[in-house]
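Asks: One structure, as structure tokens, below. Some questions next.
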Amino acid sequence: MIFKSSWEIDLMRKSGRIVAEALDRLTRLAEPGMTTLELDRVAEEYILKRGGKPAFKGYRDYPYTLCASVNEQVVHAFPSGRKLREGDIISLDLGAVVDGYYADAAVTVPVGQVSEEARRLIAVTQESLQRAIEAARSGNRLSDISYAVQSTVESQGYSVVRLFVGHGIGRSLHEEPQIPNFGPPGRPPFGPTLKPGLVLAIEPMVNAGGPEVTIQEDRWTAVTCDRSLSAHFEHSVALTHEGTEILTSLDGAG
Ligand code: MF3
Ligand code: CO
């Protein structure tokens, strides 16, 4: 695990702020008739205008700035000419890098009026991230974060995706530790103790049906095997001596 100094966390505040502002714009643009490629363009232009660079574009040959995953798509769906339709849910996953320091965040938003079930899935996924961030405190174990997600999600009858995990973040998009969204809490040997200087990208992916996902022919897009709806929220958070700070939120409150 890599521990960051306060000046490094300061740079990550900058990339975090850009990601937060871009996602805020995209959230408001995610209306029926909008294409996911248009959202990608807006995201890229905004990041560049603010002096950052897209974090995902070119990462392992990922071709876009944004991941735009609709309905049963879980994560990593390519932006395309697909028009959003009333009733869709879309996960917007975005990363930026400023002076070599990364930030990564995601939100899932409704397109127009969506079903009660879709609203509930989004709310539960967001709540699981909130609980996970509360567990991401110095002195706690990494496993407390995982348990916070799993217990929140499964108590509401939904399932946690196991194929993808959260991650440390800093001078690379993905650093140690990996952060599973499931597993028992606390105590050794269940993983490292959290300490100031850690910066973590916590990202629950939650399915309305079963936890299984499959990767499509494009080698990126993950979809639920049972084609049930899926939601994804992510924040990059810094553990400091003052407490846990969300780097990718506009108001610090998630
Ligand atoms: N939030 C995702 C992650 O942390 C986004 C990665 S997309 C990729 O893994 F293209 F960069 F891989
Ligand atoms: Co991430």
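The values are calculated or read from the model by the stated rules, or taken from the named source; none is laboratory data. Note that the structure is predicted; figures quoted are calculated from it, not measured. We place every Cβ from the backbone using ideal geometry, glycine too, and count neighbours over all the protein chains shown. Ligands, DNA and RNA are stripped out before the accessible areas are found, and what is left, the full protein with its side chains, is counted by its heavy atoms. Shrake-Rupley method; radii C 1.70, N 1.55, O 1.52, S 1.80 Å.
Asks: Give me the lysines in straight-line cross-link reach of Lys14: C-alpha distance below 24 Å, same-chain residues under 8 apart excluded.
Replies: Correct list for Lys14: Lys4, Lys49, Lys53, Lys57, Lys195.
Asks: Evaluate the distance, in nm, between pseudo-label points positioned 7 Å from the Cα of Arg85 and of Asp226 along their respective Cα→Cβ axes.
Replies: Spacing of the two 7 Å Cα→Cβ label points: 2.3 nm.
Asks: Take the Cβ-Cβ distance between Arg28 and Thr193 as r, set R0 to 51 Å, and report the resulting FRET efficiency rounded to the nearest 0.05.
Replies: 0.80
Asks: Moving to a separate point now. What ranking of Glu31, Glu117, Glu8 comes out by heavy-atom accessible area, probe 1.4 Å, highest first?
Replies: Glu31, Glu117, Glu8
Asks: Go through region 118-126 residue by residue and turn each phi into a ³J(HN,Hα) via Karplus (6.51, -1.76, 1.60, θ = phi - 60°); whole Hz please, and just put x for glycine and proline.
Replies: Those phi angles translate into 5, 4, 5, 4, 4, 5, 5, 5, 5 Hz.
Asks: List the residues whose amide H sits under 5 Å from the amide H of Val74, counting only those 5 or more places along or on another chain, with H placed 1.01 Å from N in the peptide plane.
Replies: Excluding prolines and chain starts, which carry no amide H, the hits are Ala222, Val223, Thr224.
Asks: For Val107, Val75, give me the order by solvent-accessible area with a 1.4 Å probe, most accessible first, ignoring ligands, DNA and RNA. Write down the numbers at each step before the final one.
Replies: Details: Val107 35, Val75 5 Å².
Sorted by accessible area, descending: Val107, Val75.
Asks: Can you work out the base-10 log of I(q)/I(0) for region 6-246 at q = 0.12 1/Å, using the Debye formula on its C-alpha atoms alone?
Replies: -0.63
Asks: Moving to a separate point now. What residues qualify as long-range amide H neighbours of Arg141, i.e. H under 5 Å apart, gap of 5 or more or another chain, H built at 1.01 Å from N?
Replies: When sequence neighbours closer than 5 places are left aside, the close amide H contacts are Gly186, Leu194.
Asks: Sticking with this structure for a sec: Between region 5-32 and region 70-116, how far is it from one alpha carbon centroid to the other, in angstrom?
Replies: So the two Cα centres are separated by 14 Å.
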